[in-house]
1. Students often forget the sequence filter, so: which aspartates and glutamates lie under 20 Å Cα-Cα from LYS212 once same-chain residues fewer than 8 apart are removed?
2. Which lysines, if any, have their Cα less than 19 Å from the Cα of LYS61, not counting same-chain residues under 8 positions apart?
3. Separation of region 117-164 and region 58-89 by C-alpha centroid, Å?
4. What does the extension gain come out to for ILE3 and HIS90, with contour length at 0.36 nm per residue minus their alpha carbon separation?
5. Could the peptides 5-13, 41-49 be put in order, highest first, of the mean number of other beta-carbon atoms found within 10 Å of their residues?
6. How would you classify region 3-56 from its alpha-carbon gyration tensor, with a ≥ b ≥ c the square roots of the eigenvalues: rounded for a/c under 1.5, else prolate if a/b is greater than b/c, otherwise oblate?
7. Using a 10 Å cut-off around each Cβ, can you sort GLU133, GLU59, GLU150 from fewest to most neighbouring Cβ atoms?
8. Using a cut-off of 19 Å between alpha-carbon atoms, which lysines can reach LYS215, once sequence neighbours fewer than 8 places away in the same chain are excluded?
Amino acid sequence: MGIRLQKFIAETGLCSRRKAEEMIIAGHVRVNNEIAMIGTDVEPGKDEVMVQGIRLKQEKKVYLMLNKPRGYITTAADPWARKNVLELIHEPVRVFPVGRLDTDTTGILLLTNDGEFANRIMHPSFNVAKTYEATLDRKAEVEDIDKIREGIVIDGHRIDATARRIGPKRVRITVHTGLNKEIKRIFKRLGFWVRDLHRTDVGGVHLPPSLKEGKYRHLVSSEIEKLLASSVHTPRPPREPVGGIGFQRAPAHERPNPHKPVIRQARSTRMEAPERRSSRPYARPRR
């Protein structure tokens with residue numbers, strides 16, 4: 001049975017499905033020596049797929065768990081040649097990080113060559129829970145935890161999170177959205193500075209204490225099944241209004257009707273002569 005070409009390319013681990021679509025549109029992909037188009041189906045093992053002259057083939061799926069140390073980036077390419085988490089991985093197949101962690105953030109990071117799996121874990125619509133332990137610059141009060149539970153609005157989206165204190169300046173927080181730097185931005189809204197951030201859990205899979213920083217291991221089948229079971233597709237909630245929490249829209253009868261024509265009075269095109277005044281400010285009237 002055939003599958004979409006962009007899906008096949010993503011499953012080989014070459015790139016994401018979106019990047020594969022861009023390469024197809026640019027004419028860099030050939031199927032059976034013919035330039036491919038969006039919508040092309042291929043049969044793995046039967047059709048020959050080549051990207052920029054390189055023949056692709058499906059590889060064995062690999063699923064890894066890394067205990068990311070501080071100072072490593074998680075992007076596949078970096079123009080500044082900084083330390084990359086891929087330098088810590090020694091596998092015969094190419095893998096890529098599932099999502100991102102900031103350079104100064106430590107903890108569990110998944111890597112794989114399965115594009116579909118990565119999309120289900122990364123995309124916010126699949127609601128995969130991610131748990132962090134944050135060390136703050138000052139003590140978190142009960143009121144601060146309550147505000148997090150009520151929801152903080154970031155980029156127009158209310159972040160549904162659960163949080164509890166695990167120390168005077170430490171908070172364990174779980175989120176599902178996956179926005180950029182969302183944990184730090186949540187605490188920044190409350191006036192805190194995150195001094196240390198450590199991710200302990202993704203989709204119910206915990207980082208074991210025995211896995212040292214900079215080391216990785218393969219996920220077992222039960223952990224893969226747990227991750228896939230935790231990814232339930234739900235539509236993304238609408239953006240919060242510009243006014244944020246407590247903002248009330250005007251009633252419908254008070255809002256302007258965009259379909260009602262606006263009648264404006266035409267301005268007169270006649271130019272009136274300016275009033276003549278004497279150049280002498282206190283000129284005497286003529287007799």
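1. GLU87, GLU91, ASP102, ASP104, GLU133, ASP196, ASP201, GLU223
2. Straight-line reach from LYS61, under 19 Å: LYS7, LYS226.
3. After rounding, the separation between the Cα centres reads 25 Å.
4. Taking ILE3 through HIS90 to full extension adds about 28.3 nm, to one decimal.
5. So the order, starting with the most tightly packed, is 5-13, 41-49.
6. rounded
7. If I rank by nearby Cβ atoms, fewest first, I get GLU150, GLU59, GLU133.
8. Partners within reach: LYS68, LYS83.
None of the figures in this text is laboratory data; all of them are computed from the coordinates on show. From a predicted model like this one, the values you see are computed outputs, not experimental measurements. All Cβ positions, glycine included, derive from the backbone under ideal geometry; neighbour counts span all protein chains shown.
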